[in-house]
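A.B. asks: Below: one structure in structure tokens.
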Amino acid sequence: MKLRKVTAAAAAALVLSLTATACGGDDGNGDAGSDSTAGGGGTIKVGIKYDQPGLGLKEAGGEFSGFDVDVATYVAKELGYEPDKIEFVEAKSADRETMLARGDVQFIAATYSITDERKQKVDFAGPYLLAHQDLLTKADSDITEATDLNGKKLCSVTGSTSAQNVKDEIAPKAQLRSYGTYSECIAGLQSGAVDAVTTDDSILAGFAAQEQYKGQFKLAGLKLSNENYGIGVKKGDTETVNKINAALEKMVSDGAWDTAVKENFGPANYKNEPAPKIGDIKS
Ligand code: GLU
């Protein structure tokens, strides 16, 4: 009886100390916005997009949905965090490297393409999806090829590979409008402020399938680039990269990857590429 009391008290103290760790915020020890003891009862901060239907979306009721959300939730679980221990944080395209470097989040799953330039600043696990850059226009637009974009207003997002590719090769003669998010580009397309939006086909398909846009937009269906989605972690955190790679492999082999694809891309009728092999980056 006595022993049991002691045990209960010790357990209570442990819960208190873990709670303190979880709520303590950034204590400057570099454990990337989370309790460093995986599965120890703390929370984990994960960066996702908030405005990309089918990939990373914060819904009106505050819930999160999308393929990246499902991948992030699976990975977090493998790292020892149940879904109720995940704190999602918005990771806009231009903020991702800084968020990881500062330790705001432990990892980012946000349509985040693996590139050599980004690898100077962050490390990546994956890839876990292969997408391609494409164009979205109004349904009655004459724009069908990248060459039709000369002189046209083309929207993309600051800090994205999509905007960079436009300048470098896809349409250097287009008038590039760089906005902060893709939802702002889509609003601009609907209002006529821009003539086309360019980014990954996975993202554009998700927007085009939204109830409020049904029938209004069309995807050109051009594979203008290879976008190998990786999970970003702080530079040098090889241990987390290895654990996430193991989680991604498991997600594919146990069928959870296929389920997430069907649930999230099915409604948009997005024909995704098969699951890539870890480390197989298509240039
Ligand atoms: N996948 C591309 C990138 O990482 C475009 C989508 C995005 O901005 O998240 O830049």
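A.B. asks: Could you please find all residues in the stretch 204-239 being under 30 Å from D104 (Cβ atoms) and of a type in the set (D, E)?
C.D. replies: If the condition is that a residue be under 30 Å from D104 (Cβ atoms) and of a type in the set (D, E), then E227, D237, E239 are the ones that fit.
A.B. asks: Hey, another quick one. Applying the selection to the stretch 112-123, what residues are open to solvent by 10 Å² or more (accessible area, probe 1.4 Å) and within 11 Å of the ligand (Cβ to nearest atom)?
C.D. replies: Those that are open to solvent by 10 Å² or more (accessible area, probe 1.4 Å) and within 11 Å of the ligand (Cβ to nearest atom): I114, T115, E117, R118.
A.B. asks: Could you go through the stretch 58-76 and let me know if any residue there is within 11 Å of the ligand (Cβ to nearest atom) and closer than 29 Å to D195 by Cα.
C.D. replies: Looking for residues that are within 11 Å of the ligand (Cβ to nearest atom) and closer than 29 Å to D195 by Cα, one finds at least one in the stretch 58-76, hence yes.
A.B. asks: Take A139 and tell me if it is near the ligand (Cβ under 9 Å from one of its atoms), open to solvent by 30 Å² or more (accessible area, probe 1.4 Å) and either in contact with a Cys (Cβ under 6 Å, 6 or more places away or on another chain) or small (G, A, S) (or both).
C.D. replies: no
A.B. asks: For the condition away from the ligand (no atom under 16 Å from the Cβ), open to solvent by 60 Å² or more (accessible area, probe 1.4 Å) and of a type outside the set (K, R), what is the one hit in Q164, Q190, Q210?
C.D. replies: From the options Q164, Q190, Q210, the qualifying one is Q190.
A.B. asks: Got a sec? Which of T199, T238 is hydroxyl-bearing (S, T, Y), at pLDDT 95 or above and over 17 Å from the mean Cα position of the chain (by Cα)?
C.D. replies: Exactly one residue qualifies, and that residue is T238.
A.B. asks: Whether any residue in the stretch 249-263 is open to solvent by less than 60 Å² (accessible area, probe 1.4 Å), over 19 Å from the mean Cα position of the chain (by Cα) and modelled with pLDDT of 95 or more is what I want to check.
C.D. replies: Within the stretch 249-263 (the criterion being open to solvent by less than 60 Å² (accessible area, probe 1.4 Å), over 19 Å from the mean Cα position of the chain (by Cα) and modelled with pLDDT of 95 or more), the answer is yes, since at least one residue qualifies.
A.B. asks: May I ask you to say which residue of T158, T181, T144 is in contact (Cβ under 8 Å) with a residue 60 or more places away in the chain, within 16 Å of the ligand (Cβ to nearest atom) and open to solvent by 40 Å² or more (accessible area, probe 1.4 Å)?
C.D. replies: Every option except T158 fails the conditions.
A.B. asks: What's the number of the only condition in (1) more than 15 Å from the ligand (Cβ to nearest atom); (2) part of a strand (DSSP E or B); (3) farther than 24 Å from E184 by Cα that F88 fails to meet?
C.D. replies: Answer for F88: the failing condition is (3).
The values are calculated or read from the model by the stated rules, or taken from the named source; none is laboratory data. What you see is a predicted model; the values in this text were computed from it and never measured. Every residue, glycine as well, gets a Cβ built from its backbone with ideal geometry; the counts of neighbours run over all protein chains shown. With ligands, DNA and RNA removed, areas are computed over all heavy atoms of the protein, side chains included. Shrake-Rupley method; radii C 1.70, N 1.55, O 1.52, S 1.80 Å.
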